[in-house]
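Since the structure comes first, as structure tokens, the remarks are kept for the end.
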Amino acid sequence: LLKCDVTPNQPSFATLETLRAQTAFVSERISWLPVSIAENFLALQIFIGAKQKLSYQDLLATIPIQKRLRDKLYALSELLPEQVETPYLQQLALVRALLRKPKLLLLDEPFLRMDPVMLRQSESLILECVPDEASVVWATNDLHLASRVSDRTAFMMHGRCTEFSPTTDFYTNPKTREAENFILGRDI
């Protein structure tokens, strides 16, 4: 065993803090504080250090949400998270992440329990609210979703990336047998 005195560069606390501030994460497992939805959104503003705290309704008004969905989300404001149906909590978690205006949005199967209408609403929300200069990394097993929303596709199998290509190329001419089998619904 060789001992090496060279240590890898450690990012500074300021660098890590900047990365944290510019990144938002939404997964299928959503965490909420045991207070009302409106109070959760107030806590978000405190957490990110917002100078001016907006009401829950004013926060929602800053995001381009269809009126019917906005009205439904307004109606949830005084409920505790355990009183809200999971698909709405998932949409609220997405709104919560988008309010941070992240430069990197990480999504890990965030909409598993949504019906097709809610899924399209959430999809549209992401596509409309995330600026072009930001990046979205979206992990999903839903081939149709991935083909609709992505520019590039990384195909992962057993913890390793077996293919990374433009989405149209991935679906029309996969480079690996595993990817081809997955696309065609064959046993892998």
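The values are calculated or read from the model by the stated rules, or taken from the named source; none is laboratory data. Predicted, not measured: the structure shown is a model, and the values here were computed from it. Here the Cβ is made from the backbone with ideal geometry for all residues, glycine too, and neighbour counts use every protein chain on show. Please note that ligands, DNA and RNA were not included when accessible areas were found on the heavy atoms of the full protein model with its side chains. Shrake-Rupley method; radii C 1.70, N 1.55, O 1.52, S 1.80 Å.
Residue check: is Q45 surrounded by fewer than 13 Cβ atoms within 10 Å (Cβ to Cβ) and either more than 18 Å from the chain's Cα centre (by Cα) or more than 27 Å from T140 (Cα to Cα) (or both)? Considered against the rule, which asks whether it is surrounded by fewer than 13 Cβ atoms within 10 Å (Cβ to Cβ) and either more than 18 Å from the chain's Cα centre (by Cα) or more than 27 Å from T140 (Cα to Cα) (or both), Q45 comes out as no. When P87 is tested against (1) in a helix (DSSP H, G or I); (2) open to solvent by less than 20 Å² (accessible area, probe 1.4 Å), just one condition goes unmet, and that condition is (2).
Within the stretch 110-126, residues that are within 15 Å of R70 (Cα to Cα) reach partners that are assigned to a helix (DSSP H, G or I) with beta carbons closer than 6 Å, at six or more positions or on different chains, in the pairs M118/P87; Q121/L69; S122/Q91; S122/L94. Restricting S124, S165, S135 to those that are polar (S, T, N, Q), modelled with pLDDT of 90 or more and open to solvent by 20 Å² or more (accessible area, probe 1.4 Å) reduces the list to S135.
Does F182 satisfy being among the hydrophobic types (A, V, I, L, M, F, W, C) and crowded, with 17+ Cβ neighbours inside 10 Å? So F182 fits the description; yes.
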